[in-house]
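K.L.:
Have a look at this one.
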Amino acid sequence: MATPDFIRTIRADAGQQLLWLPGVSAVVFDDDGRLLLGRRADSGAWAIIAGMPEPGEQPAACAVREVFEETAVHCVAERLVLVQAMPPHTYPNGDICQFMDITIRCRAIGGTARVNDDESLEVGWFEVSALPELPAHEMLRVEQARGDGAAWFEPAP
């Protein structure tokens, strides 16, 4: 995964200690109800398209940008689906990050799904009834995006 320049600048002073960062996930459906996924270059696992907003970038703009950068699919952001603090993650280089994920449902409006950067090994459209194995937190995002209810968040204790 490409590390944004602003994170490299922070890491120069912070070292590998835990960074609390925003993250945006885009649950993208086409007109046939299929879900867009990418197979990540870092883990080989299929995943929802996601990334970090640039400083000052709005979450919906980040979702649209990340989808195009990773898959060459043009989309529009439709609604907020979920907000969730994820557990800390240690990268192979030892950097530790924890993300506040903002998930947005998006609708594809153009482009042809293909690998469009070095973050994915494959990209493709999947029937929701025939998805590859996805972690539970990603399945929660998909299920929430399929409905029209309010955005999901973990209730306060």
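K.L.:
So, in Å, what gap is there between the alpha-carbon centers of the range 82-148 and the range 33-74?
P.N.:
Their Cα centres are 7 Å away from one another.
K.L.:
Sticking with this one: How big is the dipole moment of the chain about its Cα centre under a simple scheme where the beta carbon of each Lys and Arg is +1, that of each Asp and Glu is -1, and everything else is neutral? Debye, nearest 20, please. Write down the numbers at each step before the final one.
P.N.:
Numbers: 12 positive and 24 negative charges, 33 e Å.
The calculated dipole for the chain is roughly 160 debye.
K.L.:
For Gln16 and Ala151, FRET efficiency with R0 = 30 Å and r from the beta-carbon atoms, rounded to 0.05? Don't jump to the answer; show the numbers that get you there.
P.N.:
Values: r = 33 Å, r/R0 = 1.08.
After rounding to 0.05, the efficiency reads 0.40.
K.L.:
Also, quick follow-up: In the chain, if the dipole is taken from +1 on Lys/Arg beta carbons and -1 on Asp/Glu beta carbons about the Cα centre, which of Val142, Ala41, Gly124 is farthest to the positive end?
P.N.:
Selected residue: Val142.
K.L.:
What's the magnitude of the charge dipole for the range 1-78 around its Cα centre, counting Lys and Arg as +1 and Asp and Glu as -1 at the beta-carbon? Answer in Debye, nearest 20. Write out the running numbers ahead of the final one.
P.N.:
Working: 6 positive and 12 negative charges, 65 e Å.
In total the dipole reaches around 320 debye.
K.L.:
Using Cα atoms only, what is the angle between the long axis of helix 5-14 and the major principal axis of the chain, expressed in degrees (0 to 90) to the nearest 10?
P.N.:
The angle comes out near 40 degrees.
K.L.:
What angle do you read, to the nearest 10 degrees and between 0 and 90, between the alpha-carbon axis of helix 59-71 and the longest principal axis of the chain?
P.N.:
Orientation of helix 59-71: about 80 degrees from the principal axis.
K.L.:
What accessible area per residue comes out for the chain, rounded to a whole number of Å², with a 1.4 Å probe?
P.N.:
About 53 Å² of surface per residue is accessible.
K.L.:
How long is the gain from Thr90 to Arg107 if the chain were fully straight, where each residue apart is worth 0.36 nm and the alpha carbon distance is subtracted?
P.N.:
2.9 nm
K.L.:
Moving on to the next point. Under a 10 Å cutoff between Cα atoms, tell me which one of Phe29, Phe126, Phe68 has the largest fluctuation in the Gaussian network model of the chain.
P.N.:
Most flexible of the set in this elastic network: Phe126.
K.L.:
Further question on the same structure: At 37 °C and a viscosity of 0.692 mPa s, what translational diffusion coefficient does Stokes-Einstein give for the range 23-83, taking Rh as the Kirkwood radius over Cα pairs? Give it in µm²/s as a whole number. Intermediate results must be reported in sequence, preceding the final value.
P.N.:
Details: Rh = 12.0 Å.
It diffuses with D of about 273 µm²/s by this estimate.
K.L.:
Would you work out what percent of the accessible area of the range 1-95, with all protein chains in place, is carbon or sulfur (probe 1.4 Å)? Please list the in-between numbers first.
P.N.:
Values: 2600 of 4690 Å².
Ligands and nucleic acids excluded, carbon and sulfur reach 55 percent.
K.L.:
For a quick check, take a GNM of the chain with Cα springs below 10 Å and name the residue from Val28, Val128, Val115 with the largest mean-square fluctuation.
P.N.:
Val128
K.L.:
What Kirkwood Rh does the chain have if only Cα atoms enter the pairwise 1/r average? Answer in Å. Can you show the working numbers first?
P.N.:
On the way: mean 1/r = 0.0624 Å⁻¹.
Here the Kirkwood hydrodynamic radius works out to 16.0 Å.
K.L.:
Same structure, new question: Hey, can you rank 14-23, 31-40 by average C-beta count inside 10 Å, highest first?
P.N.:
Working: 14-23: 13.2, 31-40: 17.2.
Per-residue Cβ counts within 10 Å, averaged per peptide and sorted highest first, yield 31-40, 14-23.
K.L.:
I'd like the orientation of helix 136-146 relative to the chain: the angle between its Cα long axis and the longest Cα principal axis, in ° from 0 to 90, rounded to 10.
P.N.:
Rounded to the nearest ten degrees, it is 40.
K.L.:
Over all alpha-carbon pairs of the range 57-124, lay out the pair-distance distribution in 5 Å bins, whole %, shortest bin first.
P.N.:
Calculated P(r), rounded to whole percents: 4, 16, 18, 19, 22, 15, 5, 1.
K.L.:
Here's something else I'd like to know. Restricted to Cα positions, what overall size does the range 99-149 have along the principal axes? Three whole-Å values, descending.
P.N.:
The Cα atoms of the range 99-149 stretch 31, 26, 24 Å along their principal axes.
The values are calculated or read from the model by the stated rules, or taken from the named source; none is laboratory data. This is a predicted model, so every value here is computed, not measured. All Cβ positions, glycine included, derive from the backbone under ideal geometry; neighbour counts span all protein chains shown. Quick note on the areas: whole protein, heavy atoms, side chains included, nothing else; ligands and nucleic acids left out. Shrake-Rupley method; radii C 1.70, N 1.55, O 1.52, S 1.80 Å.
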